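The values are calculated or read from the model by the stated rules, or taken from the named source; none is laboratory data. Being a predicted model, the structure only gives us computed values, none of them experimental. Side chains are part of the model used for accessible areas, which takes the heavy atoms of the whole protein and leaves out ligands, DNA and RNA. Shrake-Rupley method; radii C 1.70, N 1.55, O 1.52, S 1.80 Å.
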Amino acid sequence: MQDILRVTQAAMEQDAARLKHIAMNVANASTPGYRRQVHTGHAIGTFDQVMAQSHVGKDAAARQPAMAPVSELMVAVQAGRLQKSERALDMALTGPGYFVVKTPAGIAYTRNGQFKRDEAGRLVTIQGGHTVQGTGGDVLLKGEQAVMNAQGFLKDAGDESSQGQQLLIQQIPSTVELTHAESGLLRLARPEALSELPIAKALDGQSVRQFQLEGSNVDGLQETLDTMATMRHFEALHRLTQAVDDMLGTSIKKLGEL
């Protein structure tokens with residue numbers, strides 16, 4: 001019975017974590033470029049394995065439950081809807097890939113194209129002020145008004161002397177997982193996965209749209225359904241815990257009567 005209590009406790013803790021991340025998704029439903037967090041879980045082992053393990057003799061107190069649930073937090077990569085904007089430095093990607101951003105902690109990625117120009121003339125994220133990367137490094141502008149074409153070439157309005165600076169886009173394979181980081185950015189869940197990424201380059205087969213932003217991919221109805229399912233699962237586990245506790249109490253009472 002101790003196995004059952006440990007498994008249910010672990011599962012209830014994961015339900016609490018799942019509700020926390022659902023709340024975070026809902027809170028960021030209107031945040032441009034936000035990617036919802038999704039919990040995936042499975043059990044290690046089977047019921048038969050647990051029953052077989054329960055007959056272990058002297059090592060029973062030290063063993064761990066074979067069916068302890070495992071939960072993984074993943075970032076959903078589905079694109080959000082495009083929204084119109086009045087700012088020249090608001091941009092949205094129409095295909096896969098991410099804007100590349102340089103931070104003090106290293107390279108990060110984002111679908112949030114809300115950018116601005118800092119005091120040094122660099123194109124930076126509105127949240128956190130991290131520098132946006134182009135094919136030549138930091139993207140520099142002389143003013144807030146810029147002109148950009150579908151290939152991501154960005155230059156100052158009225159500047160006919162240059163072709164402009166092209167934004168850098170990083171493609172990330174579906175096998176590489178992302179995780180949320182500071183300032184709404186995304187980082188690789190496994191730093192060693194950097195070797196699995198293709199070389200970041202200019203746009204290929206997609207486009208950047210100026211005066212537009214990509215919305216979050218949070219679906220309010222889905223979050224509501226996930227909340228209901230998680231709460232019902234938690235309540236079922238709580239009832240199971242109470243039932244096991246009652247059985248233990250009854251067993252102890254019967255033993256005391258012998």
Excluding same-chain residues fewer than 8 positions from K142, which aspartates and glutamates have a Cα within less than 15 Å of its Cα?
D118, E119, D156, D159, E160
In a Gaussian network model over the chain where Cα atoms closer than 10 Å are linked, find which of A150, A193, A243 has the largest mean-square fluctuation.
A243
Quick check: the angle from helix 220-257's long axis to the longest principal axis of the chain, C-alpha only, nearest 10 degrees?
20 degrees
Of all the accessible heavy-atom surface of the chain, with the other protein chains kept in place and a 1.4 Å probe, what percent is carbon and sulfur?
56 percent
With a 1.4 Å probe and every protein chain left in place, work out the accessible area per residue of segment 162-220 in Å², rounded to a whole number.
51 Å²
Largest fluctuation, L140, L237, L154 only, Gaussian network model of the chain with Cα springs under 10 angstrom, belongs to L237
So how tilted is helix 2-27 from the main axis of the chain? Cα-based, degrees 0 to 90, rounded to 10.
20 degrees
What are the lysines whose alpha-carbon lies under 21 Å from the alpha-carbon of K84, with same-chain residues fewer than 8 places away excluded?
K116, K155
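Working from the alpha-carbon coordinates of segment 110-258, get Rg over Rh, Rh being the Kirkwood radius. Before the final figure, lay out the partial values.
Working: Rg = 26.3 Å, Rh = 20.0 Å.
Reported Rg/Rh (Cα atoms, Kirkwood Rh): 1.31.
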State whether segment 76-167 is rounded, prolate or oblate according to the following rule on the C-alpha gyration tensor (a ≥ b ≥ c being the square roots of its eigenvalues): a/c under 1.5 gives rounded; otherwise a/b larger than b/c gives prolate, and the remaining case gives oblate.
oblate
Bin all alpha-carbon pair distances of the chain at 5 Å intervals from 0 and give each bin's fraction as a whole percent.
1, 6, 11, 13, 14, 11, 9, 7, 6, 6, 5, 4, 3, 2, 1, 1, 0, 0, 0, 0
